[in-house]
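Below is one structure; the comments refer to it alone.
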């Protein structure tokens, strides 16, 4: 499994917001499991005080491809999310469900 994380400067919306885009490819036969895990992550993350937006999508072209679009009010909120228990738990088992993960923040 490849995991790529890129940190760039602040986005053009403001000097403080952090936008994160994650693209994941499910392992064959693990599509529904990964979808369920991401759906649970959406529910948990939207409760975070610094979360502006958190959405997960399944590709129209392949049921194996997922995109997660995240927006946080600032780096502190993004860092809080990144260190959350539920995200750490998902990351620790992600290799069971996903064969590729590409995460970029702006």
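Miscellaneous remarks
- Residue within region 57-68 that is buried (at least 16 other Cβ atoms within 10 Å of the Cβ), under 18 Å from residue 86 (Cα atoms) and touching a helix residue (DSSP H, G or I) at 6+ places or on another chain (Cβ under 6 Å) present: no
- Residue ranges of strands (runs of 3 or more DSSP E) in region 1-92 with at least 3 members modelled with pLDDT under 95: 2-7
- Across region 31-49, the number of residues qualifying as closer than 19 Å to residue 95 by Cβ and either out of contact with any strand residue (DSSP E or B) (no Cβ under 9 Å at 6 or more places or on another chain) or surrounded by 16 or more Cβ atoms within 10 Å (Cβ to Cβ) (or both) comes to 8.
- Within region 69-87, if we keep just the residues that are buried (at least 19 other Cβ atoms within 10 Å of the Cβ) and in contact with a helix residue (DSSP H, G or I) (Cβ under 8 Å, 6 or more places away or on another chain), the residue that is nearest to residue 42 (Cα to Cα) turns out to be 70.
The values are calculated or read from the model by the stated rules, or taken from the named source; none is laboratory data. All values reported here derive from a predicted model rather than from experimental measurement. Here the Cβ is made from the backbone with ideal geometry for all residues, glycine too, and neighbour counts use every protein chain on show.
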